[in-house]
């Protein structure tokens, strides 16, 4: 800032403490939970000190992003050294990669979701962040080193990087840590088999083709409530979902909301299912060419993130921060997320001419597309759609072989 004296060592220490406090709050409660007063209290400084170092809330969120990114980079440096020791002891690269991914989730699950949330804020223009393409390059080098696959042209390091980053992202949505870890192990093993064209260690237990889902059909009054829930999630996340707020937005009585939904989880599940239909099923079951599914699902024609996908991510972030939302057994939000993952990907792969897949293959494909999306949103808007579709083609071929010619469309 013009006219500001050079920062002293004490000033650097204070700024670092404030940034770390902001990062912790962002990881715990999301960007909405980061306020100047809240960070000041967590860092044991006056609010004026926060303003002095970071000017405003946007500067504070950018500092939180940088602090979380730096902490992850330091963690990766240690993990990279440990993986080198493991390979020296005869451990396989795939086993090491799975173990490191599990350890990463254990240590950085909340921070991962917060970073994704901040990346979406930057996409909307609400936040200015650093060089995120450089961050991704560092991630590729890390996973390439862990898997011993190289990161140059023709190497599989970039492929493995996408697979592992995506596996971490979708496993983060699992409420049960044992299921979370087992999913990563299965995904890494299946990816290794698919890439190397080895016989699958776990033979696909292929389920009968799923019947394409119909759009949820709710009475008009209930649909108004669902629309209100979706709007409120978009504005302030699930923390804004009170019966009073929903009733006001839907234009109905509070009692009407209470009669329709006995608890918050049920209304979030219905909202999630409605978003899934609008954002994903309608594309896969519609006229879009299969090669362009990813760009059609994720981006508007101008390269902005589609509202439905942003809201689906917001619900997933809420599930990570509030495990109770997941519910137990069929019908809970965690179950809806899992069905979205498996059913959507099975239909997607079938439309690309890939058959004989199971739930692990479906989850693997969702992992790949999730990581591609995280990278694409860091690119300039004009190039996002083309890059995402091209990356999806490359990874589809790496995992399942080239799609049949009938799948192709004119570019």
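So that you can scan it fast, the table gives a plain yes or no per residue for (1) out of contact with any strand residue (DSSP E or B) (no Cβ under 9 Å at 6 or more places or on another chain); (2) within 26 Å of residue 156 (Cα to Cα):
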site: 97; (1), (2): yes, yes
site: 108; (1), (2): yes, yes
site: 111; (1), (2): yes, no
site: 114; (1), (2): yes, no
site: 120; (1), (2): no, no
site: 125; (1), (2): yes, no
site: 133; (1), (2): yes, yes
What's the total number of residues in the stretch 146-164 that are surrounded by fewer than 19 Cβ atoms within 10 Å (Cβ to Cβ) and either in contact (Cβ under 8 Å) with a residue 60 or more places away in the chain or in a helix (DSSP H, G or I) (or both)? 2
If you check 397, 359, which single one turns out to be over 18 Å from residue 135 (Cα atoms), surrounded by fewer than 22 Cβ atoms within 10 Å (Cβ to Cβ) and without any contact (Cβ under 8 Å) to a residue 24 or more places away in the chain? 397
What's the total number of residues in the stretch 34-51 that are buried (at least 17 other Cβ atoms within 10 Å of the Cβ) and closer than 19 Å to residue 121 by Cβ? 5
With the condition kept exactly as written, say whether any residue in the stretch 275-298 is in contact with a strand residue (DSSP E or B) (Cβ under 8 Å, 6 or more places away or on another chain) and crowded, with 23+ Cβ neighbours inside 10 Å. yes
Tabulated pairs, the stretch 85-114, first over 23 Å from residue 65 (Cβ atoms), second at pLDDT below 95 and not in a helix (DSSP H, G or I), C-beta under 7 angstrom, 6+ apart or interchain: 87/148; 93/148
With respect to residue 126, determine if the residue is outside any helix (DSSP H, G or I), touching a residue at least 12 places away in the same chain (Cβ under 8 Å) and surrounded by fewer than 18 Cβ atoms within 10 Å (Cβ to Cβ). yes
Entirely in the stretch 311-401, the helices (runs of 4 or more DSSP H) that have 1 or more residues that are in contact with a strand residue (DSSP E or B) (Cβ under 6 Å, 6 or more places away or on another chain): 381-400
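The values are calculated or read from the model by the stated rules, or taken from the named source; none is laboratory data. None of these values were measured; they are calculated from a predicted model. No Cβ is skipped: glycine too gets one built from the backbone with ideal geometry, and neighbour counts run over all protein chains shown.
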